[in-house]
């Protein structure tokens, strides 16, 4: 005597639903109605299951489909397995922002932190006071590379061109343009900032990851030009402070320039170069798109976005 072990992948799982319905109804018509099959289709499917399991499974007696011994053995296990399978398909992690104490980890540059955290933290304090946001330095310009670390939930990113990804999801929460900043009473800018003066003066290059060129340099390169770089640094927010005792120029997002102009003695000029605007994005791995807590973060940021009214 020997047993042939059957693997789960060797059977159509829909036939197990058919089996379960027939076991409970003991009627082909009743079971067929429950799973929305015609009686003819149900009978054909039952024949396939009988052939696969090498057993009659159900025998008609007094107009009732009576289970065989093998069917009884299968039904005993299946009655526990099917609800677990259904639960697995519909399982969600509960997230109540009012009571949650989850931690969400972001990577971000100083500028993306500056742009989002004041409004996001106000919403978190009001709606989800128990959760914790941990902000880590952005270690890489690529959101995909940063999100390969399973410990990171979100990347706050800055881009000029949005790219599609099969693995990384994103949403844009803000956008903006650039301006050029100099110290007040700059001797070379009494008549304003012309392109010629822009090219004559030395500049600050902001390079969060140590890159050798920025958006200004890329636009100038298309014109066959190159500017003079006197200082390279990673921080957008510190850059305006670094020039107040020099004749250097720095081209930065206008929102930072306007904020810093309230704190230090600088002057804001229109950049004499057509530079495309930027987008501020939040990125997350598509594997986590069903996470209720992460969805709440994204929805909250979306509601805070100035772009919602555009």
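Calculated FRET efficiency, residue 225 to residue 255, Cβ-Cβ distance, R0 = 45 Å: about 0.95 to the nearest 0.05. When Rg/Rh (Cα atoms, Kirkwood Rh) is calculated directly from the model, which label among (1) 1.03; (2) 1.28; (3) 0.97 fits? Answer label, from the structure shown: (2).
May I ask you to order 198-206, 47-55, 234-242 by the average number of other C-beta atoms within 10 Å around their residues, highest value first?
198-206, 234-242, 47-55
Classify segment 178-269: rounded, prolate or oblate, from the alpha-carbon gyration tensor (a ≥ b ≥ c, eigenvalue square roots; a/c under 1.5 rounded; otherwise prolate if a/b is larger than b/c)? Oblate. Among 25, 285, sorting on how many other beta-carbon atoms sit within 10 Å of each Cβ, with the fewest leading, yields 25, 285. Counting DSSP beta bridges in the chain, what percent are antiparallel, to the nearest 5? So the antiparallel bridges amount to about 60 percent of the total. For the pair residue 159 and residue 15, label points projected 7 Å from Cα toward Cβ lie 4.7 nm apart. Spatially, segment 247-274 and segment 36-113 are offset by 61 Å when compared through their Cα centroids. Treating the angle as unsigned and between 0 and 90°, give the value, to the nearest 10°, between the Cα long axis of helix 69-90 and the longest Cα principal axis of the chain. Between helix and principal axis, roughly 20 degrees.
Report the antiparallel proportion of the DSSP beta bridges in segment 178-269 as a percent, rounded to a multiple of 5.
Working: 8 of 15 bridges.
The antiparallel proportion sits near 55 percent.
Using the average count of surrounding beta-carbon atoms within 10 Å as a protection proxy, the listed peptides 33-45, 290-302 rank, highest first, as 290-302, 33-45. Length gained on full extension, residue 211 to residue 48, computed as 0.36 nm times the residue gap minus the Cα-Cα distance: 52.2 nm. Placing dummy labels 7 Å off each Cα toward the beta-carbon, the span from residue 98 to residue 132 is 2.4 nm. Note on residue 245 and residue 202: their simple-model spin labels are 1.5 nm apart, each label 7 Å out from Cα toward Cβ.
The numbers here are math on the coordinates, done by the rules we state, and not lab data. On a predicted model such as this, the values are computed, not experimentally measured, just so you know. Neighbour counts run over all protein chains shown; Cβ positions are idealised from the backbone, glycine included.
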